[in-house]
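The values are calculated or read from the model by the stated rules, or taken from the named source; none is laboratory data. For clarity, every value in this text was computed on a predicted model and none was experimentally measured. Note that each Cβ is placed from the backbone with ideal geometry, even for glycine, and that neighbours are counted across all protein chains shown.
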Amino acid sequence: MSVLLNVDKDAGVAVVTLDRPAKLNALDLDTVGELQRIWRELRFDDSVRAVVLTGAGRAFCTGLDRDAVVPQPDSPYMQDDPLLTVGPKANDLWKPVIAAVEGMACGGAFYLLGECEFVVAGDGAEFFDPHTTYGMVSAYESVLLAQRMPYGEAARMMLMGTAERISARRAHEVGFVSELTDAGGALAAAVACAGVIAGYPAAGVQGTVRALWSAKEAARAMGFAQAPHLISLGNLPTERQAELFAGRRGSDHRTR
């Protein structure tokens with residue numbers, strides 16, 4: 001098992017732990033499947049009224065495992081991204097999920113953090129997105145982060161790639177992290193918050209989660225609709241990109 005589930009029925013709190021420390025909690029396809037199963041299981045467990053998501057070892061999550069093989073259809077209109085269905089909201093879990101982050105959170109980790117209600121981080125946690133460094137388009141991650149941070153801060157993180165890592169303290173200053181703890185204290189603090197929320201009537205809490213999500217759902221859907229095209233274009237060889245852009249310039253004209 002690469003994901004651990006610990007349920008405290010008395011407190012009404014479940015702790016979901018990414019448990020691939022040797023891989024810095026990178027997500028392979030089995031881990032994605034386990035997370036999907038757990039989110040769906042928690043939908044039906046009325047004893048759980050709040051959830052904490054964390055990672056074992058030196059990282060919260062470092063995105064998609066580089067060794068993961070994701071079969072793709074030949075058509076550019078049918079790209080498969082397994083991380084699109086890795087988060088709680090993507091699996092219709094409308095119970096509050098709080099992230100407890102220690103160590104690195106980067107790249108595909110933002111698919112998870114983007115679907116948590118708020119983030120608690122230990123001093124020493126750090127956030128970055130490596131896509132641009134390797135010539136890749138950061139599309140879905142950028143959409144999610146732009147909804148969680150001031151635009152300039154999100155843009156700096158996504159564009160600077162591996163050249164710059166955002167400290168937990170800076171992430172707290174700009175509002176991405178809601179609570180900053182001493183190193184190693186994020187899980188306890190997140191569980192304490194979850195315990196408070198779990199003590200409230202579930203219907204009111206879950207309705208509030210749904211309302212909060214609906215406030216940004218339309219913008220997220222529009223951003224996600226653009227992502228596959230941007231990723232497809234970004235993945236083309238440089239010479240092919242140049243041909244496309246040259247053709248677009250050549251066909252551009254204005255009617256006077």
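Worth a mention:
- Matching residues, segment 3-24, being closer than 20 Å to ALA90 by Cα and touching a Leu at 6+ places or on another chain (Cβ under 7 Å): VAL3, ALA14, VAL16, THR17
- Verdict on ALA22 being under 18 Å from ALA125 (Cα atoms), surrounded by fewer than 14 Cβ atoms within 10 Å (Cβ to Cβ) and either among the aliphatic types (A, V, I, L, M) or over 13 Å from the mean Cα position of the chain (by Cα) (or both): yes
- Highlighted here are the helices (runs of 4 or more DSSP H) found entirely within segment 128-217 that include at least 1 residues which are closer than 23 Å to ARG58 by Cα and modelled with pLDDT of 95 or more: 151-160, 168-173, 186-198.
- Residue match in segment 41-52 (condition: farther than 21 Å from TRP94 by Cβ and modelled with pLDDT of 95 or more): no
Rundown of residues vs (1) out of contact with any Pro (no Cβ under 7 Å at 6 or more places or on another chain); (2) among the small types (Gly, Ala, Ser); (3) farther than 22 Å from LYS23 by Cβ, yes/no style:
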position: ALA50; (1), (2), (3): no, yes, yes
position: ASP74; (1), (2), (3): yes, no, yes
position: CYS116; (1), (2), (3): yes, no, no
position: MET136; (1), (2), (3): yes, no, no
position: ALA146; (1), (2), (3): yes, yes, yes
position: GLU153; (1), (2), (3): yes, no, yes
position: ARG156; (1), (2), (3): yes, no, yes
